[in-house]
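Visitor: Input: one structure, supplied below.
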Amino acid sequence: MCSLVQKYNIPGPRYTSYPTVPYWDMSSFSGKKWDTTLQKSFSESNAIEGVSLYIHLPFCESMCTFCGCHKRITKRDDVQIPYIQTVIKEWQLYCKLFDAKPIIKELHLGGGTPTFFSPENLKLLINGILKTAVKAEIYEFSFEGHPNNTTKEHLQALYDVGFRRVSYGVQDYNEKVQKAIHRVQPFENVKRVTDQAREIGYTSIGHDIIFGLPHQTLANVEKTILKTKSLMPDRLAFYSYAHVPWLKGNGQRGYNDADLPSAEEKRDQYEKGKQLLAEVGYEDIGMDHFALKTDSLFKAMENGTLHRNFMGYTASKTQLMIGLGVSSISDSWYGFAQNVKSIEEYQHLVENNIIPIYRGHILSDEDNLIRQHILNLMCGFKTTIAESDVAFFDVDLILSKLKEMEADDLIDIKNNTIQVTKKGMPFIRNISMAFDMHLHRKAPETRLFSMTI
């Protein structure tokens, strides 16, 4: 395994979209084209499957140095209401494009730190969104909670407006690691909010754990997983730290590269954690995700409805996903669009009745086909290249790049069906890269992605 880690540990995307953001064609993108794709997707899918909403709440009280998300550090409470009002108005601008009330299938609050906002203001936000929409018959509302500042009142308030899933950022329980990433939170806080969510009635509780953090050892990961097993969350994200300080400014410069585990050490951390999780019934779901058999994520994998988008893995697919809030990304299935990253610019544009996007990409026929192949691999570890695909992209080029992976026993190829082996699952990003025609045609001049291992 070590030689394979050395061989395949290269910069690569996590494929929450295809094409990946650095390869979006901004020159041919326009707001008018984006609106057209939105309206087309809404008319095709709203009545059948509903829409998904991602709402970005960017405020944090302190900087976590492992984080690559867009955020603003502040302790001021007076930023909450103006931001909420802007998000609600942005949603109303989208609703004006549609010829019916949106049916919300999924809604996720991400950040930043959603629980930076008061329970009352979070209810204000959700009720404001629901004024111009309806909940699907079967829906899933979820949010990201910080164990240090999530209160029972937060959990109850969001439960009252339909939330049944919460995920907590645990990362690692070792104090030295926590200090390095500026995220000091004792196990007792995680236990408290996990227990409280269960008492209130949440049906899916998730923990996020990261391996490959500065000063993190195999023993640290083992202790973190053992503590996590004592709480038995319904699902786990257990993923590799993405070290990209050249993209994230000073946020990831609180330690030296020498403080980070090597690729081989990271792989050992992952394999040990995976083994410990399997011992108590956690199933491997897609890339770096695990769930108990009772959780909706596992059930989605079993019945073939597991999906992946900018929110990560979700238990059901909607064709249309709208991102609200600063820096959020929307997906109409025919195109992508990202909001501006400055809070002030975001609020100014929305105040002037302008949907606040600043870049995007309209998918070509080739993009759509490749995207589906990558989704198949990411969600089901299998895809089949059809004879008709040769009209849209270079099948021979892709197969030639997969041959070496087949020789390394990462995949099996039979009649143009690519099946990822158990040995190949940790290398799913590399396997997906073989299909990335944008990457093949133009390798980035500078490093844009984190390492795949």
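The values are calculated or read from the model by the stated rules, or taken from the named source; none is laboratory data. This structure is a prediction, so every number in the text was calculated from the model and none was measured. Quick reminder, even Gly has a Cβ in these numbers, built from the backbone with ideal geometry, and neighbours come from all protein chains shown. These area figures cover heavy atoms from the full protein model, side chains too; ligands, DNA and RNA do not enter into them. Shrake-Rupley method; radii C 1.70, N 1.55, O 1.52, S 1.80 Å.
Visitor: Starting at the first residue of segment 3-10, write each ³J(HN,Hα) from the Karplus equation 6.51 cos²θ - 1.76 cosθ + 1.60 with θ = phi - 60°, in whole Hz, x for Gly and Pro.
Guide: Running phi through 6.51 cos²θ - 1.76 cosθ + 1.60 with θ = phi - 60° gives 5, 5, 4, 4, 5, 9, 7, 10 Hz.
Visitor: Shifting gears a bit: Cβ under 12 Å from Tyr358's Cβ, Tyr358 left aside: what net charge do those residues give with Lys, Arg +1 and Asp, Glu -1?
Guide: For residues surrounding Tyr358, the net value is +1.
Visitor: Output needed: percent of Cα pairs per 10 Å distance bin for segment 207-353, bins running from 0 to the one holding the longest distance.
Guide: It works out to 10, 28, 30, 25, 7, 1, in whole percents.
Visitor: Using Cα pairs closer than 8 Å and at least 6 residues apart in sequence, work out the relative contact order for the chain, in percent.
Guide: The value is 21 percent.
Visitor: Here is a further query. Determine the calculated [θ] at 222 nm for the chain from helices alone, applying -39500 (n - 2.57) to every DSSP H run no shorter than 4 residues and normalising by the residue count; nearest 500 deg cm²/dmol.
Guide: So the helix-based figure for the chain works out to -11500 deg cm²/dmol.
Visitor: How large is the direction-averaged shadow of the alpha-carbon convex hull of segment 49-96, in nm²?
Guide: Over every viewing direction, the Cα hull of segment 49-96 projects on average to 4.8 nm².
Visitor: Now for a different question. Compute the relative contact order of segment 94-250 as a whole-number percentage, counting only Cα pairs closer than 8 Å that sit 6 or more residues apart in sequence.
Guide: Relative CO of segment 94-250 lands at 20 percent.
Visitor: From the convex hull of the Cα coordinates of segment 344-400, what is the mean projected area in square nanometres?
Guide: 6.3 nm²
Visitor: If His215, His348 are ordered by their accessible area, calculated over protein heavy atoms with a 1.4 Å probe, which sequence runs from highest to lowest?
Guide: His348, His215
Visitor: Another question, if that's okay. Per residue, how much space in cubic angstrom lies within the convex hull of the C-alpha atoms of segment 272-356?
Guide: 123 Å³
Visitor: Apply the Karplus parameterisation 6.51 cos²θ - 1.76 cosθ + 1.60, with θ equal to phi minus 60°, to every residue of segment 420-436 and state each ³J(HN,Hα) to the nearest whole Hz, in sequence, with x for glycine and proline.
Guide: 3J(HN,Hα) across segment 420-436, in whole Hz: 6, 7, 4, 5, x, 4, x, 10, 4, 5, 5, 5, 5, 4, 4, 8, 7.
Visitor: Taking H placed 1.01 Å from N in the peptide plane, check which residues at least 5 places from Leu57 or on another chain put their amide H under 5 Å from its amide H.
Guide: Excluding prolines and chain starts, which carry no amide H, the hits are Gly110, Gly111.
Visitor: Which residues' amide hydrogens lie under 5 Å from the amide hydrogen of Leu107, considering only partners 5 or more residues apart or on another chain, with H built in the peptide plane?
Guide: Distant-sequence amide H within range of Leu107: Leu53, Glu140, Phe141, Ser142.
Visitor: OK, next. According to the Kirkwood expression over distinct Cα-Cα pairs, how big is the hydrodynamic radius of segment 344-453, in Å?
Guide: 16.0 Å
Visitor: Starting from 0.36 nm per residue, how many nanometres of slack lie between Asp259 and Glu153 once their C-alpha separation is accounted for?
Guide: Taking 0.36 nm per residue and subtracting the Cα distance, the gain is 34.3 nm.
Visitor: Rounded to two decimals, what is Rg over Rh for segment 138-232 when you use alpha-carbon atoms and the Kirkwood radius?
Guide: 1.00
Visitor: Turning to a different aspect of this structure: For Asp408, what charge total do you get from the other residues with a beta carbon under 14 Å from its beta carbon, if Lys and Arg give +1 and Asp and Glu give -1?
Guide: +1
Visitor: Just tell me which aspartates and glutamates come within less than 15 Å, Cα to Cα, of Lys191; anything on the same chain fewer than 8 places away is out.
Guide: Lys191 reaches Asp172, Glu199, Asp208, Asp234.
Visitor: Calculate, axis by axis, the spread of Cα positions in the chain along the three principal axes, and write the results as whole Å, longest axis first.
Guide: Here the Cα extents, ordered largest to smallest, are 57, 52, 41 Å.
Visitor: In sequence order, what are the phi-derived ³J(HN,Hα) couplings for segment 411-419 according to the Karplus relation 6.51 cos²θ - 1.76 cosθ + 1.60 with θ = phi - 60°, rounded to whole Hz, with x for glycine and proline?
Guide: Listing the rounded values in order: 9, 10, 10, 9, 6, 6, 9, 9, 10 Hz.
Visitor: How much net charge surrounds Gly424 when only other residues with a Cβ under 15 Å from its Cβ are counted (Lys, Arg +1; Asp, Glu -1)?
Guide: Once all neighbours under 15 Å are counted, the net charge is +2.
Visitor: Let me ask something else. Under 5 Å between amide H atoms, partner at least 5 residues away or on a different chain: which partners does Ile73 have, H built in plane at 1.01 Å?
Guide: Amide H neighbours of Ile73: Cys60.
Visitor: When N is the residue count of segment 1-159, what does its C-alpha Rg come to as a fraction of 2.2 N^0.38 Å?
Guide: That ratio works out to 1.25.
Visitor: Any chance you could run the full-extension gain for Glu344 through Thr16? It's 0.36 nm times the residue separation minus the Cα-Cα distance, nm to one decimal.
Guide: Result for the pair: 115.4 nm of gain on full extension.
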